[in-house]
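Below is one structure, written out as structure tokens; the observations come after it.
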Amino acid sequence: MSKVAVDKEKHPLDAYLRMERLPHIWCSGCGLGLILNCFIRSLLKSGLDLDKVVVVSGIGCTGRAAGYIRLDSFHTTHGRAIPFATGLKLANPELKVVVFSGDGDLVAIGGNHLIHAARRNIDMTVVCVNNFIYGMTGGQLGPTTPLAARTTTTRRGNIEEPFNIPYLVAASGAVYVARWTTAQVRRLEKTITEALLKKGFSLVEVISPCPTYYGRMNKQATGLDIMKYYRDNSVIKSDIDLKYADIKLNGQIVVGKFVDIERPSTIDL
């Protein structure tokens, strides 16, 4: 095959990925490939100087994303992506700092860092991929697992009230908060672009399939099953009181852009 033919077959985003690290580790049906695609396209649409963009992740399936992006990136310890990102921003305020990690990393062991970064309105964008479970470590109960959902550590169903992430971060002081599923990629791409350009603490929650653990244990055995559920049950309610945006097992998923306000960052005071 000629070099010309090979070049024509390249994907337009190849230049922004560390192709030498592929194939990736994500399971068939996982939504992380879609989300990474949206994220890179959003970066390109934002017009940001990519030499000044830094991506920070924690531990977990989503945490691997930082290593696949051809940007300055850091794969930090479990739960510590946000304080690491805060340090980068304090050391060099010209950087656009993005945290790209999962619900277990950001909301469980990293939960305290999440609420205080929002409270301080640290200038960073957080992309939180929520698959309702600890996918990499064996399918255990997570901080966002819906009530009654089965996991490897809650065989009879979860009895712990889950976090409503948009409500949590909005109440903590975030200036931009949104949620979409992997079934709304165009809206997700637009929202991430807006979040990247927002001054202050912005968070985009992405509800994403984990067919290997969460789906298999909750009668959604394939990624297509879960995507059909997202398509049929997502309801856009951008003006909703966020305490009513919680997610019930196999119930509606409220999506939309919920918060877009202005307030000063602690760093700027």
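The values are calculated or read from the model by the stated rules, or taken from the named source; none is laboratory data. Remember, predicted model here, so these are calculated numbers, not experimental data. Quick reminder, even Gly has a Cβ in these numbers, built from the backbone with ideal geometry, and neighbours come from all protein chains shown.
Restrict the check to segment 139-154 and report whether at least one residue is surrounded by fewer than 22 Cβ atoms within 10 Å (Cβ to Cβ) and part of a helix (DSSP H, G or I). No: zero hits. Within segment 1-54, restricting attention to residues that are over 20 Å from the mean Cα position of the chain (by Cα) and among the small types (Gly, Ala, Ser), the residue that is modelled with the lowest pLDDT is Ser2. Here segment 236-269 is the region considered, the condition is being out of contact with any strand residue (DSSP E or B) (no Cβ under 9 Å at 6 or more places or on another chain) and acidic (Asp, Glu), and the residue that is modelled with the lowest pLDDT is Asp268.
Of Phe163, Phe132, all but one fail to be at positive phi and not small (Gly, Ala, Ser); the exception is Phe132. Check whether at least one residue in segment 245-255 is among the hydrophobic types (A, V, I, L, M, F, W, C), under 30 Å from Leu48 (Cα atoms) and over 17 Å from the mean Cα position of the chain (by Cα), and report yes or no. Looking through segment 245-255, none of the residues is among the hydrophobic types (A, V, I, L, M, F, W, C), under 30 Å from Leu48 (Cα atoms) and over 17 Å from the mean Cα position of the chain (by Cα).
Scanning segment 139-151 for residues that are closer than 19 Å to Ile109 by Cα and in contact with a strand residue (DSSP E or B) (Cβ under 9 Å, 6 or more places away or on another chain) yields a count of 7. One residue alone among Asn164, Asn92, Asn112 is within 28 Å of Lys219 (Cβ to Cβ) and modelled with pLDDT of 95 or more, and that residue is Asn164. For segment 144-182, the tally of residues that are over 19 Å from Ile240 (Cβ atoms) and among the hydrophobic types (A, V, I, L, M, F, W, C) stands at 4. The criterion of at least 3 residues that are crowded, with 24+ Cβ neighbours inside 10 Å is met, among strands (runs of 3 or more DSSP E) falling completely within segment 34-120, by 53-57, 96-102. For Ala149, the stated conditions hold: it is over 18 Å from the mean Cα position of the chain (by Cα) and within 25 Å of Gln252 (Cβ to Cβ). In segment 219-227, is there at least one residue being surrounded by 22 or more Cβ atoms within 10 Å (Cβ to Cβ), in contact with a helix residue (DSSP H, G or I) (Cβ under 9 Å, 6 or more places away or on another chain) and among the hydroxyl-bearing types (Ser, Thr, Tyr)? Within segment 219-227, not a single residue is surrounded by 22 or more Cβ atoms within 10 Å (Cβ to Cβ), in contact with a helix residue (DSSP H, G or I) (Cβ under 9 Å, 6 or more places away or on another chain) and among the hydroxyl-bearing types (Ser, Thr, Tyr). Taken over segment 85-113, the criterion of being among the charged types (D, E, K, R) and over 23 Å from Ser46 (Cα atoms) is satisfied by Asp103, Asp105.
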